[in-house]
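Below is one structure, written out as structure tokens; the observations come after it.
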Amino acid sequence: MNGQYKAFWIDNNGFVEVIDQTKLPFLEETIVLKNADDAIRAIKDMIVRGAGVIGNIGALGVYLAVKENQDLKYIVKKIKQIRESRPTAVNLMWAVDLMLEKILNANKNDDLLELSFAQAIKICDEDSKRSTLIAKYGCDVLEKIMKEKGKTSINVLTHCNAGWLAIVDDGSALAPIYEAKRRGIEIHVYVDETRPRNQGANLTAWELSKDEINHTIIPDNTGGYLMQQGLVDVCIVGADRVSANGDVANKIGTYLKALAAYDNNIPFYVAIPEGTLDFEIKDGVKDIPIETRSEDEVKYIKGLNKQGIVEEVLITLKDSKAVNYGFDITPARLVTALITEKGLCKTNEKSIKEKFKQ
Ligand code: MRU
């Protein structure tokens, strides 16, 4: 792919240009990342976000560090800072560790800049191929559900954004939906708004609109009612980390959707590429680190005012306390299966190990 992806690309100067996701859907602006610190800031401030893309920008951030300074001490220091820029999405650590391994194993005659660029692009390209396979396997699931129900159309519910803004280049949870469109399947998507940062309302709805995919934004608390009324055929979400036993860390609120799906006998799938698996963590509910972000993200909301200007307003009393956990854990028992580049995988240690560990 030579560094050309939908959410970011390599510009003519060898820098990394990203879509500024904090501005969507009102403004379509890009930012150029010129060094490792720019990449760290982009990840921390969620200019780029979503597990896969965080990993990709992490890897490209390492390449930018090499572009700045080829002293190994400097590179390793920057790698450590990039690795720590967000805590939950393990794709970041996975991608950055692949970069470190490549750099540490370089031969004396290797051109470090060329080598780090090639490795970062390889990580992105492989994620893109994984996304294509997730699209195929996930869409097969959608077709099977339709067939079993004797339906000619399907209603999917998704949470947060796991489209191409989050995983190059078709997404994870949205990949089967894009594939359904390509296969001519009549599909409708319920998009959880995903408070407090509204990745569903701002990003998923924007992505689906661009592709003219029929969708409806719903307040986060609506899913359970829709499921009771038979309006949802299947839930598909992405993930930021899946532990060895199949517990799933994803955007806060995912767990409640899984509980509602379980109670209503609705299949609940989690679409992930390999880099989202964490074999070190045996019990996800206990041990996956959960990011806590600023309470201001709960207390303020951003939108377009009547004059067409993007504005942030306080929606609580200034002194009210708020808490902002970025993610929650859905226990493996509530997940029907993982949709991966290697096909469907049951959420238990044995199945995950068999599929992914040689
Ligand atoms: O805080 P974010 O927006 O980075 O969180 C993103 C999510 O939780 C997505 O659902 C998840 O990354 C899966 S997308 C690959």
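The values are calculated or read from the model by the stated rules, or taken from the named source; none is laboratory data. Please read these numbers as outputs of a predicted model, since none were measured by experiment. Quick reminder, even Gly has a Cβ in these numbers, built from the backbone with ideal geometry, and neighbours come from all protein chains shown. Keep in mind that these areas ignore ligands, DNA and RNA; they rest on the heavy atoms of the full protein, side chains included. Shrake-Rupley method; radii C 1.70, N 1.55, O 1.52, S 1.80 Å.
Just a few scattered comments:
- Here the dipole of the stretch 182-258 is about 160 debye; that uses its Cα centre as origin and unit charges on the Cβ of Lys and Arg (positive) and Asp and Glu (negative).
- Residues F327, F15, sorted by accessible area with the largest first, give F15, F327 [1.4 Å probe; ligands and nucleic acids excluded].
- Charge tally around K102: other residues with Cβ under 11 Å, Lys/Arg +1 each, Asp/Glu -1 each, net -2.
- Within the stretch 32-54, backbone nitrogen closer than 18 Å to the virtual label 7 Å beyond the Cα of N69 toward Cβ: 34-41
- With all protein chains modelled, accessible area of H159 [1.4 Å, Å²]: 0
- Whole-Hz couplings from phi, Karplus 6.51/-1.76/1.60, listed for the stretch 199-205; x for Gly and Pro: 4, x, 5, 8, 10, 5, 4
- Computed from Cα atoms alone, the Kirkwood hydrodynamic radius reported for the stretch 8-126 is 14.0 Å.
- For the chain, the 222 nm mean residue ellipticity estimated from helices alone, with every DSSP H stretch of n ≥ 4 adding -39500 (n - 2.57) and the total spread over all residues, rounds to -12000 deg cm²/dmol.
- Per-residue Karplus couplings for the stretch 170-186, computed as 6.51 cos²θ - 1.76 cosθ + 1.60 with θ equal to phi - 60°, are listed in order as 10, x, 10, 5, 7, 4, x, 6, 4, 5, 4, 4, 5, 7, x, 7, 7 Hz, Gly and Pro entered as x.
- Charge dipole magnitude, Cβ of K and R +1, D and E -1 - the stretch 55-213, Cα centre, debye nearest 20: 280
- Overall shape of the stretch 133-356 was characterised from the C-alpha gyration tensor. The equivalent ellipsoid obtained from it has semi-axes of 28, 23, 16 Å, in decreasing order.
- Label zone (Q81, point 7 Å along Cα-to-C-beta; backbone nitrogen cut-off 20 Å) within the stretch 6-35: 15-18, 31-35.
- Positive-pole candidate from G284, P331, A249, dipole of the stretch 215-350, charges at beta carbon: P331
- Sequentially through the stretch 310-324, phi angles give Karplus couplings (6.51, -1.76, 1.60; θ = phi - 60°) of 6, 9, 10, 10, 7, 10, 9, 5, 4, 8, 4, 8, 9, 10, 9 Hz, Gly and Pro residues having no value and appearing as x.
- With the charge dipole of the stretch 133-356 set up from +1 on Lys and Arg Cβ and -1 on Asp and Glu Cβ about the Cα centre, the Cα lying farthest toward the positive end among the listed residues A322, L208, T347 is that of T347.
- Note on F279 and E354: the model spin-label points, each 7 Å out from Cα along the C-beta direction, lie 1.7 nm apart.
- Bridge orientation summary for the chain: considering DSSP beta bridges with both residues in this region, about 55 percent are antiparallel.
- Evaluated with a Cβ-only charge set (Lys, Arg +1; Asp, Glu -1), the chain carries a dipole of roughly 560 debye about its Cα centre, given to the nearest 20.
- Our summary gives the chain a relative contact order of 16 percent, counting only alpha carbon pairs under 8 angstrom and 6 or more residues apart.
- Rounded accessible area of I40 (nearest 10 Å², 1.4 Å probe): 20
- Residues R182, R86, R333 ordered from highest to lowest accessible area at a 1.4 Å probe: R333, R182, R86.
- The Cβ shell under 11 Å around G138 holds other residues with a net charge of -3, Lys and Arg each +1, Asp and Glu each -1.
- Think of the stretch 126-190 as a dipole: +1 on every Lys or Arg Cβ, -1 on every Asp or Glu Cβ, centred on the Cα centre; then among L165, G184, G138, G184 lies furthest on the positive end.
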